[in-house]
Amino acid sequence: MVGRSRVGKKNKAKIQLAALSLVIVLLLALVVGTDVRLNQVGADVKVVKVGVIGSSDDQIWKAVQAELDRRGERIRIELKPFQDAIYVNQATSNREVDFNAAQHYAYLEDDVKTNHYQLAVLGNTYISPMNLYSQRYAKPSQFQDGDRVAIPNNATNMGRALKVLADAKLIGLRDPKATNPLPEDVVDNPKHLSIEQVDPAGILNLLPDYAGGVTNANFVVDAGRSVHDAIHEVPYDLQNPANKPYINIIVTTKDQRDNPTYAAVVRAYHSKPVADTIVRVYKGACLPAFKVS
């Protein structure tokens, strides 16, 4: 009886050990299988590199990513920030980024004409205000004779800034409807303002040295200020054809304009959550320039 009991205990122990080993093997197989499955899922994720200016649109692109995830798209967005659209288009043309969201129609048209880039528009994003700011005055009528005013030093934003000054009744232009007027198109300057072209990203920091400055909303947001700090805001109506040149856009190379992955990103951008984010981030100062899909 004793001998049989000991043998039974040994057999029972062997059976338990074998069962435990089997469980461990099954668990390991499950873990390995899961790892392989996860690696396979990760392998089919398409990474899209997007060229942007500064960081003011980061929350918007986070909303785009969230919408892509909600739709089950296997696409991951990587933002590559630049300081100036000049470099963004160059990087896009050289395929350092897949597409960019850093300019409006007028800027693209001028840059393509100058550098002969083969670029195409994928879709609209928003219209961003360009307004007049000052630390010295509360309204344009307070400007004094000979005051210095800073405007962007790139062609299209320079022309747009001149139109802002004209809208503020500080200067008069030869053709008020021209998209990109030049300094020589200023035909009326009653206060003899000295209009100087500088880097648009630095205009707000230069305001202590200037009576005023005209710059883009993204630089204002990047500086932690509100676009409503402007002493003169230009009203924007998307139904007005005169505003189309200043609608911001998503741009890629011509041979990639039908890329289905890029099209999926644009569809996600043109969604209500993203439109709502644009309004929230810019506090209504920027308007979504697309129909919600």
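Take the stretch 161-181 and flag every residue that is in a loop (DSSP other than H, G, I, E, B) and touching a Leu at 6+ places or on another chain (Cβ under 7 Å). Before the answer, list the steps.
Restricting attention to the stretch 161-181, the residues satisfying the condition of being in a loop (DSSP other than H, G, I, E, B) are 168-171, 174-181.
Of everything in the stretch 161-181, those that are in a loop (DSSP other than H, G, I, E, B) and touching a Leu at 6+ places or on another chain (Cβ under 7 Å) turn out to be Ala168, Leu170, Ile171, Pro181.
Name the residue, out of Leu193, Leu204, that is over 26 Å from Trp61 (Cβ atoms) and touching a strand residue (DSSP E or B) at 6+ places or on another chain (Cβ under 8 Å). So that I can check it myself, show each step before the final result.
Details: Leu204 fails: over 26 Å from Trp61 (Cβ atoms).
Checking each option against the conditions leaves just Leu193.
Taking the condition of being within 13 Å of Tyr269 (Cβ to Cβ) and open to solvent by less than 50 Å² (accessible area, probe 1.4 Å), how many residues in the stretch 41-79 meet it?
Residues in the stretch 41-79 being within 13 Å of Tyr269 (Cβ to Cβ) and open to solvent by less than 50 Å² (accessible area, probe 1.4 Å): 13 in total.
Restricting to the stretch 200-233, count the residues that are among the hydroxyl-bearing types (Ser, Thr, Tyr) and either modelled with pLDDT of 90 or more or out of contact with any helix residue (DSSP H, G or I) (no Cβ under 9 Å at 6 or more places or on another chain) (or both). Show your work before the answer.
Filtering the stretch 200-233 for residues among the hydroxyl-bearing types (Ser, Thr, Tyr) gives 210, 215, 226.
Then drop every residue that is not either modelled with pLDDT of 90 or more or out of contact with any helix residue (DSSP H, G or I) (no Cβ under 9 Å at 6 or more places or on another chain) (or both), which leaves 210, 215.
Residues that pass the stated criteria total 2.
Keeping to the stretch 45-81, report how many residues are part of a strand (DSSP E or B) and over 13 Å from the mean Cα position of the chain (by Cα).
Applying the first criterion (part of a strand (DSSP E or B)) to the stretch 45-81 yields 46-53, 75-81.
After this cut, where a residue has to be over 13 Å from the mean Cα position of the chain (by Cα) as well, the list is 46-48, 75-76.
Total satisfying the criteria: 5.
Can you name every residue in the stretch 103-142 that is free of Cβ contacts under 8 Å to residues at least 60 places away in the same chain and among the small types (Gly, Ala, Ser)?
Once the filter is applied, which keeps residues that are free of Cβ contacts under 8 Å to residues at least 60 places away in the same chain and among the small types (Gly, Ala, Ser), the stretch 103-142 yields only Ser141.
Being surrounded by fewer than 17 Cβ atoms within 10 Å (Cβ to Cβ) and either at pLDDT below 95 or not β-branched (Val, Ile, Thr) (or both) is the requirement here; does Ser271 meet it?
On the way: surrounded by fewer than 17 Cβ atoms within 10 Å (Cβ to Cβ): no; either at pLDDT below 95 or not β-branched (Val, Ile, Thr) (or both): yes.
Spelling it out, it is not the case that Ser271 is surrounded by fewer than 17 Cβ atoms within 10 Å (Cβ to Cβ) and either at pLDDT below 95 or not β-branched (Val, Ile, Thr) (or both).
So that you can scan it fast, the table gives a plain yes or no per residue for (1) modelled with pLDDT under 95; (2) hydroxyl-bearing (Ser, Thr, Tyr); (3) at negative phi:
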position: Gln135; (1), (2), (3): no, no, yes
position: Gln142; (1), (2), (3): no, no, yes
position: Gly146; (1), (2), (3): no, no, no
position: Val149; (1), (2), (3): no, no, yes
position: Asn154; (1), (2), (3): yes, no, yes
position: Gly159; (1), (2), (3): yes, no, yes
position: Leu162; (1), (2), (3): no, no, yes
position: Leu193; (1), (2), (3): no, no, yes
position: Val198; (1), (2), (3): no, no, yes
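The values are calculated or read from the model by the stated rules, or taken from the named source; none is laboratory data. Predicted model, so just to flag it, every value in this text is computed and none were measured. All Cβ positions, glycine included, derive from the backbone under ideal geometry; neighbour counts span all protein chains shown. What goes into the accessible areas is simple: the full protein's heavy atoms, side chains included, and nothing from ligands, DNA or RNA. Shrake-Rupley method; radii C 1.70, N 1.55, O 1.52, S 1.80 Å.
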